[in-house]
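Step one of this worksheet: look at the structure below.
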Amino acid sequence: MTAAVAHPAPAHMRRNVIVLSAAQALSMSTAVLVFSVSALAGATFGVDPALVTLPLSLQMVATMLATFPLAHLMAKVGRRAGFSVGQLFGIAGGLVSMVALNTGDFALFCAGGVLLGIHNASWQFLRFAAAETSSESFRPRAISWVLAGGIVAAVIGGELAKESREFLPAIFAGSYVATALLAAACIGLLQLLRMPPLPRASEEEGGRPFKQIAAQPAFIVAVLAAMFGYGVMSLEMVATPLAMTMCGFSFNESAWVIQWHVLGMFVPSFFTGNLIKRFGVLPIIITGALLNIACVAVALAGVDLANFFLAMVILGVGWNFMYIGGTTLLTETYRPQERAKVQAFNDCMVFGAVALASFGSGAMQNALGWSAVNLFTIAPIGLSLMAALWLLMMRRRASAAQAA
């Protein structure tokens with residue numbers, strides 16, 4: 001990494017991280033809002049119950065497919081311009097979804113989901129931008145601080161979900177107008193960003209063959225942690241409003257649970273970076289996996305409001321540890337000129353898992369029920385847990401051998 005990236009002035013680092021964190025807050029607010037209302041909005045079209053999460057699934061597929069083109073776009077035009085382009089898709093997606101709800105057009109609603117998916121793909125790179133603008137010692141905290149913007153998102157997105165759903169005659173149409181306004185505000189904010197120079201195009205296309213990068217044990221564990229941590233979180237988060245509705249809870253109660261879930265996802269960001277510095281990245285990933293398993297135990301214990309609340313808060317903290325841990329570990333596996341392809345591949349895998357999870361959650365919840373949704377998560381989390389334990393043992397053995 002160039003000197004400008006590795007050793008920026010501390011004030012410059014903090015300024016960029018604050019802007020990136022605020023952009024994360026606005027962008028994640030749209031995601032919280034959409035996650036809270038999408039499945040319920042889909043149900044208003046009168047389609048097969050198994051299809052109510054299709055717009056959200058298409059959104060995640062679009063996120064997955066957009067990661068590579070957006071990564072290369074940002075490599076050519078810079079982070080600020082690339083992020084701004086992504087927010088334009090957020091405006092378009094919100095407005096298209098609003099029109100679809102007003103006209104009762106489910107296919108158009110799916111198209112709006114695709115546009116919102118491209119928007120999602122763009123702001124996922126905010127955490128990598130934080131790593132690029134920070135020194136090595138500050139990097140875990142910078143990633144955590146940016147993701148801490150989700151705390152504001154939990155409040156904004158959750159409250160907007162409750163207050164905007166009846167803003168227009170078509171229920172939930174106002175929620176999508178709110179997503180467009182949030183994206184527009186984010187474009188203005190992003191103009192304050194001053195990122196270090198990116199590698200030139202010739203440098204960005206260089207580096208080691210991807211097969212060599214992907215063969216690193218740390219790369220495998222990092223991708224598994226982020227992919228399964230996010231995929232399982234999405235499976236549970238999308239199914240929760242449906243499950244709560246089936247159990248007789250109101251929309252406001254399910255929105256409240258999702259709001260606290262998002263707080264669980266992001267409040268730990270204030271100290272996750274420090275925990276990684278103190279204990280190491282692998283113990284944090286392992287703890288996150290164990291918290292996911294604890295979430296399943298709580299969810300299977302009953303269907304009272306307290307069970308949904310506690311399970312989703314625990315799930316949020318588990319996601320935080322696995323996702324920040326995976327992202328931090330991933331930054332150890334690539335060189336500056338390799339970052340576009342590595343970051344794009346990682347997010348492609350993450351949102352491929354999220355797309356499958358979000359689509360499967362609706363069908364699984366309707367066909368098999370809440371208990372099946374929870375039991376299904378044990379296998380992927382268990383695989384990620386075993387991979388992290390394996391790498392931890394390998395590293396400790398290597399350290400012991402060097403000490404000897």
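What follows is calculated from the coordinates using simple rules that are stated; it is not laboratory data. For clarity, every value in this text was computed on a predicted model and none was experimentally measured. Cβ sites come from the backbone with ideal geometry, for glycine too, and all protein chains shown count toward neighbours.
Given points 7 Å out from each Cα along the Cα-Cβ axis, report the Ile293 to Ser137 separation in nanometres with one decimal.
Label-label distance for Ile293 and Ser137, simple model: 3.7 nm.
Mind checking which lysines have their C-alpha under 23 Å from Lys76, skipping anything on the same chain fewer than 8 residues away?
Lys341
Sort 286-293, 78-85, 351-358, 101-108 by packing, meaning the average of other beta carbons within 10 Å per residue, with the highest value first.
351-358, 286-293, 78-85, 101-108
Give the Kirkwood hydrodynamic radius (Å, one decimal) of segment 95-155, defined as one over the mean of 1/r across all pairs of different Cα atoms.
It is 13.7 Å.
Could you sort 31-40, 181-190 so that the peptide with the highest average Cβ count within 10 Å comes first and the rest follow in order?
31-40, 181-190
Taking N as the number of residues in segment 19-74, what value does Rg over Cα atoms divided by 2.2 N^0.38 Å take?
Numbers: Rg = 14.2 Å, N = 56, 2.2 N^0.38 = 10.2 Å.
The value comes to 1.40.
Let me check I've understood the local charge: for Thr327, count other residues with C-beta under 11 angstrom from its C-beta, Lys and Arg +1, Asp and Glu -1. What total comes out?
In short, 0.
Per-residue counts of other Cβ atoms within 10 Å, averaged by peptide: what ranking do you get for 57-64, 359-366, highest first?
Working: 57-64: 25.0, 359-366: 21.8.
Taking the mean over residues of other Cβ atoms within 10 Å, the ranking is 57-64, 359-366.
Give the long-range amide H neighbours of Leu168: residues separated by 5 or more places, or on another chain, with amide H under 5 Å away, using H modelled in the peptide plane at 1.01 Å from N.
Answer set, sorted by chain and number: Ala173, Gly174.
In terms of the ratio Rg/(2.2 N^0.38 Å) built on C-alpha atoms, what value belongs to segment 201-320?
Dividing the Cα radius of gyration by 2.2 N^0.38 Å gives 1.31.
Where does segment 283-404 land on Rg/Rh, using Cα atoms and the Kirkwood Rh?
A ratio of 1.06.
Which ³J(HN,Hα) values, rounded to whole Hz and listed in residue order, are derived for segment 385-394 from phi using the Karplus coefficients 6.51, -1.76 and 1.60 in 6.51 cos²θ - 1.76 cosθ + 1.60 with θ = phi - 60°, glycine and proline given as x?
4, 5, 5, 5, 5, 4, 5, 4, 5, 4
Kindly put Glu166, Glu236 in sequence by how many other C-beta atoms sit within 10 Å of each C-beta, fewest to most.
Glu166, Glu236
Taking only the alpha-carbon atoms of segment 3-403, what semi-axes of the equivalent ellipsoid follow from 5 times the gyration tensor eigenvalues under a square root, in whole Å, largest first?
Equivalent ellipsoid semi-axes, largest first: 32, 25, 18 Å.
I need the Debye-formula profile for segment 1-131: one equal scatterer per C-alpha, no solvent, reported as log10 I(q)/I(0) at q = 0.15, 0.21, 0.22 1/Å, two decimals.
-0.72, -1.16, -1.24
When 1/r is averaged over all different Cα pairs and the result inverted, which Kirkwood radius in Å belongs to segment 211-273?
For segment 211-273, the Kirkwood estimate is 14.0 Å.
Helix-only estimate, please: 222 nm mean residue ellipticity of the chain, summing -39500 (n - 2.57) across DSSP H runs of length 4 or more and dividing by its residues, to the nearest 500.
-27500 deg cm²/dmol
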